[in-house]
1. Cα-based count: Lys pairs in segment A:226-372 below 30 Å, eight or more positions apart or different chains?
2. Roughly what % antiparallel, to the nearest 5, for the DSSP beta bridges in the protein assembly as shown?
3. Starting from the Cα coordinates of the protein assembly as shown, work out the convex hull volume and express it per residue in Å³.
4. Taking +1 at the Cβ of each Lys and Arg and -1 at the Cβ of each Asp and Glu, which of A:VAL322, A:GLY150, B:GLN87 sits farthest along the dipole of the protein assembly as shown towards its positive end, judged by Cα position relative to the Cα centre?
5. Segment A:227-349: Rg/Rh from Cα coordinates, Kirkwood Rh?
6. Under the definition of partner shielding as Cβ atoms of other protein chains within 10 Å of a residue Cβ, what is the mean value for peptide A:299-306?
7. Excluding residues fewer than 8 places away in the same chain, name every one of the lysines whose C-alpha is closer than 22 Å to that of B:LYS159.
8. Assuming a ≥ b ≥ c are the square roots of the Cα gyration tensor eigenvalues, decide whether segment B:10-107 counts as rounded (a/c under 1.5), prolate (otherwise, with a/b larger than b/c) or oblate.
Amino acid sequence: MTSVGVVTPQTFVHADALMLQCGERLDGFELVYETYGQLNSAASNAVLVCHALSGNHHAAGVYNEEDARPGWWDACIGPGKAVDTDKFFVVSVNNLGGCHGSSGPPSINPATNQAWGPSFPTVTVQDWVASQLLLADYLGIHRFAAVIGGSLGGMQALQWAIDHSHRVHSVAVIASAARLSAQNIAFNEIARQAITNDPAYAAGNNPEHGLALARMLGHVTYLSADGMKTKFGRELKSGDLTGLQDVEFQVESYLRHQGQRFSQTFDANTYLLMTYALDYFDPAKDYNDSLVDALAATTSKFFVASFSSDWRFAPSRSQELVDALVQAGKPVACAHIESEHGHDSFLLPIERYLRTFGAYMNHLHTEVTNAS
Amino acid sequence: MRPDLAIIADLINPGARVLDLGCGDGELLAHLQANKQVTGYGLEIDADNIATCITKGVNVVEQNLDLGLANFASASFDMVVMTETLQSVRYPDTLLLDMLRVGQECIVTFPNFGNWRCRTQLATHGIMPVSGHLPYNWFDTPNIRLCTFKDFEQLCRDKNMRIVERFVTDRDYRNGPLINRFPNFFGTIAFYHLSRSR
């Protein structure tokens with residue numbers, strides 16, 4: 001499989017105000033995004049990629065020929081891949097409140113000329129969708145062929161179908177849920193406590209330890225017990241237990257490395273903001289807690305996929321969404337993919353996953369190009 | 001189109017809500033969507049079949065029928081179809097009742113173990129029947145709940161399931177006077193149209 005190659009992020013500047021769900025007004029904002037593939041003349045082949053908690057706009061390709069780290073969804077996006085960039089024009093955006101170039105806590109608040117930091121307004125999944133819609137207008141995309149995403153990205157796709165069904169032909173909700181479970185919120189709360197209890201956070205500095213701890217916790221929940229067993233087992237770093245070291249087990253070393261790297265590249269306030277957006281996402285809430293009613297007015301088609309060992313967003317959570325869609329009489333295709341890689345599965349090149357998702361996207365391409 | 005599916009398609013009203021259990025490659029639902037404007041969903045467990053359904057634009061949901069239909073609301077479908085699958089599910093009796101809970105009516109097709117070929121192999125050769133329609137050996141067959149038409153109709157009586165209509169054919173899905181006279185002996189496949197008892 002080939003890659004989309006070297007990509008360059010672009011910036012969308014929205015000069016007008018955006019009213020947020022929390023009641024605050026953002027006087028203009030910027031969104032950083034990347035695109036892959038070509039928009040056709042009817043503008044009918046556009047796909048929007050929504051990222052998850054710690055993701056960003058860099059979903060596919062590399063930044064230069066030597067770049068060894070392709071975008072986070074490179075397994076799925078590229079020429080001949082499940083989301084085929086020879087067919088689709090793919091737009092991938094860094095969400096509002098992010099820390100990779102879009103307006104967010106690390107960017108400058110024009111009112112104060114200082115970084116927003118913790119004062120950046122609370123944003124919700126609905127706010128993200130509203131801002132993405134403005135980007136679509138700017139790019140001349142009246143109707144997306146698909147809005148796709150995994151985890152928190154899948155929640156945005158679902159919100160698109162509920163808020164702007166007429167502007168999206170289909171949505172792919174992968175390894176996601178229509179709302180978080182209490183267990184999920186609990187994990188997010190521990191992560192937030194790790195960050196806010198780090199003395200560096202109170203002092204206004206980067207809470208490296210807290211952020212690393214939050215990431216380590218997250219990582220454990222993104223993997224499965226079997227997956228960790230396969231990947232690390234009980235392997236010792238030094239090979240024996242004589243002269244106990246600080247880090248003995250491979251899994252400890254891995255988690256520390258992941259935590260440390262994350263703490264140097266991610267913003268603590270963005271992490272807090274993203275976890276709140278996750279926790280508060282609940283489109284059924286406005287419909288007397290009936291997901292069926294929330295979906296009643298949607299006209300988009302749905303693709304729902306889950307992974308057997310994902311306990312953070314378990315297959316049963318995807319099934320809840322599918323059951324509601326069937327009950328509401330909406331078009332849906334659903335696959336539960338066998339995988340030992342836990343929640344992270346949605347990022348990985350799992351044969352059946354890519355084949356099924358690819359079949360869906362290719363069928364979609366025929367539909368949208370025949371219609372236009 | 002597969003001849004048995006054509007027979008079933010004729011029994012389904014235009015615009016109906018249809019649930020197809022073990023929908024295979026989605027041929028029936030694709031036909032019904034294109035020609036009868038039905039809202040259809042297929043339940044399937046095989047990965048290749050699911051991908052084929054998706055390629056055809058058929059609504060397919062990955063679901064193991066042995067775990068029941070509890071996730072579907074009562075009376076949420078007009079017709080629930082199950083083609084040549086009854087003999088391979090773990091709990092055919094409870095599944096049939098669940099089909100009639102979820103749907104107003106249902107259509108079930110399955111092979112007849114009372115067919116003369118089966119009877120002959122067992123009676124004269126003393127071996128488990130293997131035929132074109134039931135091609136498996138006893139040790140590798142997915143068909144773990146084989147029955148005769150008589151058995152099935154007894155179950156319908158016991159469970160208060162009403163047989164609206166029965167249509168019996170040979171292995172090429174043809175019907176004839178001999179089959180109509182002695183269905184449980186000459187029939188190979190039966191199509192049962194069931195509803196809840198009044």
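Taken together, the values in this text are just the output of simple stated rules run on the coordinates, not laboratory data. None of the values given here were measured: they were computed from a predicted structure. Cβ atoms come from the backbone with ideal geometry, glycine included; neighbour counts cover every protein chain shown.
1. Numbers: A:LYS229/A:LYS237; A:LYS285/A:LYS301; A:LYS285/A:LYS330; A:LYS301/A:LYS330.
Lysine pairs satisfying the spacing and distance rule in segment A:226-372 number 4.
2. Values: 30 of 77 bridges.
For the protein assembly as shown, the DSSP antiparallel bridge percentage is about 40.
3. Hull volume over Cα atoms, normalised by residue count, gives 188 Å³.
4. Going by the charge dipole, the pick is B:GLN87.
5. Values: Rg = 20.3 Å, Rh = 18.1 Å.
Rg divided by Rh gives 1.13.
6. On the way: counts 0, 0, 2, 1, 1, 2, 1, 1.
Mean partner shielding for this stretch: 1.
7. Of all the lysines, those that pass the test against B:LYS159 - Cα under 22 Å, at least 8 places apart if same chain - are B:LYS150.
8. On the way: a/c = 1.80, a/b = 1.14, b/c = 1.58.
It comes out oblate by the Cα gyration axes.
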